[in-house]
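The values are calculated or read from the model by the stated rules, or taken from the named source; none is laboratory data. These numbers were taken from a predicted model, which means no experiment stands behind them. Glycine gets a Cβ as well: all are built from the backbone with ideal geometry, and neighbour counts include every protein chain shown. Surface accessibility is based on the protein's heavy atoms, side chains included, excluding ligands, DNA and RNA. Shrake-Rupley method; radii C 1.70, N 1.55, O 1.52, S 1.80 Å.
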Amino acid sequence: MTRRDSWRPQVFDVLAALGLLTRLPLDLDGARAQARGAAAAWAWPLAGVAVGLLGAASGGLALWLGVAPGAAAAIAIAAQIFVTGALHEDGLADSADGLWGGWNKERRLAIMKDSRIGTFGVLALVLVTLLRWVALAGLFAAGTPWGALAAAGALSRVPMAVLTAALPNARGSGLAHSVGRPEGAVVALSCATGLMCGFLALGPAAFGAAFWVGGVCLAVGLVARAKIGGQTGDILGASQQISEAVVLTLIAASLRP
């Protein structure tokens, strides 16, 4: 395969995306997935759809068994955390600790690499997870979690591809660095895939949600560039978590009379 053709999407990319972003027990050719690397970034929104639907199924089953909407929402979030191995939540916490806990780039990156969690990380996790829970509780009460979680899962993975391409890796090592930087065509296809999934799940409301996700992507990117000179896997995880909370909150707000 030539470099010119390396960006072209493959069906295998969906499995590669699931292998990278979830802990699902897949029979995956690891060497091939690693070789695809950032070329598979267009399929990251599809992995998000899978995570969202598994969360909706878990919470929906709990609701069918008689659990209150608030508890069903908590179960849905727990299921998503289990499926992803808390990959994105960990990134959010590390980003909050590092970006606001260090006084220079080197110290910020060192804090982000530290497995311990600090005050900023705890607060970020609590606030963002609380936003997700409140929104989902309303969606489960209204009986409309499926489209919302699928759309949020897809749209919230798009900033990860955009930031990976737009910013250099700040550390020069780690998971995000090993994946590489996707080409422009891959990023464009990721945006189109996320928007298409969002539209199928939400209809025209997906365009408004995508606008705000773009705002989150821009804000996270500007902060990351200013404080550490680029992106890391933690930054990508933070962009996903904040974007998902924003999308779910917007959808839940639209249900209010």
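Just one of the listed residues (170, 141, 93, 79) is of a type in the set (Gly, Ala, Ser), open to solvent by less than 30 Å² (accessible area, probe 1.4 Å) and in contact (Cβ under 8 Å) with a residue 60 or more places away in the chain, and it is 170.
Taking the numbered list (1) open to solvent by less than 70 Å² (accessible area, probe 1.4 Å); (2) at negative phi; (3) not in a helix (DSSP H, G or I) in turn, residue 8 passes all entries but (1). Exactly one residue out of 21, 63 is within 21 Å of residue 198 (Cβ to Cβ), touching a helix residue (DSSP H, G or I) at 6+ places or on another chain (Cβ under 8 Å) and at pLDDT 95 or above: that is 21.
If the condition is being in a helix (DSSP H, G or I) and without any contact (Cβ under 8 Å) to a residue 40 or more places away in the chain, then region 43-76 contributes 54, 57, 58, 61, 62, 64, 71, 75.
Listed by first and then second residue, the pairs linking a residue in region 19-42 that is under 24 Å from residue 53 (Cβ atoms) to a residue that is not in a helix (DSSP H, G or I), with Cβ atoms under 7 Å apart and 6 or more places separating them unless they lie on different chains, are 19/26; 19/28; 23/85; 41/182; 42/9.
Give, as residue ranges, the helices (runs of 4 or more DSSP H) completely inside region 108-195 that count at least 1 residues that are touching a Pro at 6+ places or on another chain (Cβ under 9 Å). Outline the logic, then answer.
Working: elements: 119-142, 145-155, 158-166, 175-179.
Hits in region 108-195: 119-142, 145-155, 158-166.
Looking only at residues in region 96-109 that are of a type outside the set (D, E, K, R) and open to solvent by less than 50 Å² (accessible area, probe 1.4 Å), the one that is nearest to residue 221 (Cα to Cα) is 99. Of everything in region 238-257 that is more than 12 Å from the chain's Cα centre (by Cα) and surrounded by fewer than 24 Cβ atoms within 10 Å (Cβ to Cβ), the residue that is modelled with the lowest pLDDT is 257.
Checking each residue in region 86-104 for being in a helix (DSSP H, G or I) and over 13 Å from residue 231 (Cβ atoms) picks out 87, 88, 89, 90, 92, 93, 96, 97, 100, 101. Among the residues of region 173-216, the ones that are under 16 Å from the mean Cα position of the chain (by Cα), aliphatic (A, V, I, L, M) and within 27 Å of residue 112 (Cβ to Cβ) come to 6 in all.
Can you tell me which residue among 250, 218, 200, 222 is closer than 13 Å to residue 99 by Cα and part of a helix (DSSP H, G or I)? Walk me through it before giving the result.
Details: 250 fails: closer than 13 Å to residue 99 by Cα; 218 fails: closer than 13 Å to residue 99 by Cα; 200 fails: closer than 13 Å to residue 99 by Cα.
Within the list 250, 218, 200, 222, the selection yields 222.
Please specify each residue of region 212-237 satisfying the condition of being closer than 17 Å to residue 149 by Cα and open to solvent by 40 Å² or more (accessible area, probe 1.4 Å). Hit for region 212-237 is 212, nothing else. With respect to (1) at pLDDT 95 or above; (2) in contact with a Ser or Thr (Cβ under 7 Å, 6 or more places away or on another chain), the lone exception for residue 78 is condition (2).
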